[in-house]
Amino acid sequence: MKRLHGQHNEKVCNKLNLDPLICNDWIVTTAFYSAIHFLDHALFPCTLDGENFQNISEAHKSIRSNSKHQTRGILLSKLMDQHYQDYLFLQTNSQNARYVNYDVNEAISNRAVSNLNKIISSYNKEKKEIKK
Amino acid sequence: MQTGFTEEIIKFAATRSDSAVLSPAKGYYPFEIIAEAYEHGVEHGKNNMNQKMRDLYFENASEIAKSSAEIVNLLNKDSFVPEKLFVALSIRNSKILLSFEDDTFTSDEFMDKAYAHIAKIQSAYFEKDINVSISYLGENINHDMLKSDGFEFGIDLKTNSPLD
């Protein structure tokens, strides 16, 4: 289900990326919301410091962080470090679009798509899950 | 190295009203404060709560000031010079936002290197049980939106003068 949701959001992201109207903020947002589903599918179930987590909600209850997005970042930093930096780029630029009146630079949206593609390509390489 | 701003963050934290210090906690009271209230009675707990929460807020503000200096230092080593620093302080969850010239913020070099610094600092502070979310922005910032999201402290890093 997570993977399918990720693919669904990826389709929207790709469609927006081809749109001549250019909604860079939405490209970044859909890239982020696609990435989180692929990453969650790869991450869970997981074990951290002896605790088992079936999903992000369970992990967030145990890990005291600012948000589920930050909890996911913490898990990535410990279990799938190779994606942590790309994830941070997507997360922060998606969340900060409101601070620049949603006028997001094309270089940022291009990098967001590239980061999403990196995550997906790593995911596809491993077929079922990104290498943990 | 840009570091003078850390004193401004601490000064800002020290002069916040009780309502500003307590409201972002949103019903969160650390275990030790609840335990003390239980042990010594509710009145005693109430009387001490504000001061203890203020102490925690101030301790957290000092850590956030330190983490701000560390991330700015790492960025400076790569020759990325932030223009403005914004901080949303709270007892539990604090946020740091650094803004750059658009040319820097959108450069491949920045996008390749700067996010690794966020990863490094956030992870290090999480290990110390301190939640800090760091992010970057370009120019043309909507300051009203930042304020409404709790970024009440802002400073121009070139002049070291607090922003309104």
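Total Å² of accessible surface buried at the A-B contact, 1.4 Å probe, nearest 100?
Values: alone 7900 and 9350 Å², together 14770 Å².
What A and B bury together is about 2500 Å².
For a test of the definition: using alpha carbon positions, the gyration tensor, and the 1.5 limit on a/c, classify the protein assembly as shown as rounded, prolate or oblate.
Working: a/c = 2.05, a/b = 1.29, b/c = 1.59.
Oblate is the answer for the protein assembly as shown, as a/c is 1.5 or above yet b/c matches or exceeds a/b.
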> Angle between the Cα long axis of helix A:24-43 and the longest principal axis of chain A, 0 to 90 degrees, nearest 10?
Replying inline: 20
> Running Debye on chain A with equal point scatterers at the Cα sites and no solvent, what base-10 log of I(q)/I(0) appears at q = 0.09, 0.11, 0.16 Å⁻¹?
Replying inline: -0.25, -0.37, -0.77
> How large is ³J(HN,Hα) for each residue in region A:92-101, as worked out from phi by the Karplus curve 6.51 cos²θ - 1.76 cosθ + 1.60 (θ = phi - 60°), to whole Hz, x for Gly and Pro?
Replying inline: 5, 6, 5, 6, 8, 4, 5, 7, 10, 6
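What net charge do the residues around B:Glu101 carry, taking every other residue with its C-beta under 14 Å from that of B:Glu101, with Lys and Arg at +1 and Asp and Glu at -1?
Numbers: positive: B:Lys84, B:Lys158; negative: B:Glu83, B:Asp102, B:Asp103, B:Glu109, B:Glu139, B:Asp156.
That sum, taken over residues with Cβ under 14 Å, equals -4.
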>> Skipping prolines and chain starts, which residues have an amide H placed within reach, meaning under 5 Å, of the one on B:Leu157, given they are 5 or more residues away or on another chain?
In response: B:Lys84, B:Leu85
>> Rounding to the nearest 10 and keeping the result within 0 to 90°, find how far the Cα-based axis of helix A:68-79 lies from the longest principal axis of chain A.
In response: 60
> How would you rank A:110-118, B:125-133, highest first, on the average number of other Cβ atoms within 10 Å across their residues?
Replying inline: A:110-118, B:125-133
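Cα gyration tensor of region B:64-162, axes a ≥ b ≥ c as square roots of the eigenvalues: rounded (a/c below 1.5), prolate (a/b > b/c) or oblate? Don't jump to the answer; show the numbers that get you there.
Numbers: a/c = 1.67, a/b = 1.08, b/c = 1.55.
It comes out oblate by the Cα gyration axes.
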>> Just to confirm the number: angle between the C-alpha axis of helix A:106-125 and the first principal axis of chain A, 0 to 90 degrees, nearest 10?
In response: 40
> So what J values fall out for region A:11-17 if you push phi through Karplus, 6.51 cos²θ - 1.76 cosθ + 1.60 with θ = phi - 60°, rounded to Hz, Gly and Pro as x?
Replying inline: 4, 4, 4, 5, 4, 4, 5
>> Exceeding 22 Å between C-alpha atoms, which entries from my cross-link table qualify? They are B:Lys66/B:Lys120; A:Lys15/B:Lys147; B:Lys113/B:Lys147; A:Lys78/A:Lys118; A:Lys118/B:Lys113; A:Lys11/B:Lys120.
In response: A:Lys15/B:Lys147; B:Lys113/B:Lys147; A:Lys11/B:Lys120
> Could you give the nm distance between label points at B:Ser107 and B:Ser123, where each point is 7 Å from its Cα heading toward the beta carbon?
Replying inline: 2.5
>> Per-residue Cβ counts within 10 Å, from other chains only, averaged over B:138-151: what number is that?
In response: 3
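The values are calculated or read from the model by the stated rules, or taken from the named source; none is laboratory data. If you're wondering where the values come from, they're calculated on a predicted model, not measured in any experiment. Cβ coordinates were reconstructed from backbone atoms using ideal geometry, including for glycine residues, and neighbour counts include every protein chain displayed. Side chains included, ligands, DNA and RNA excluded: accessible areas come from the protein's heavy atoms. Shrake-Rupley method; radii C 1.70, N 1.55, O 1.52, S 1.80 Å.
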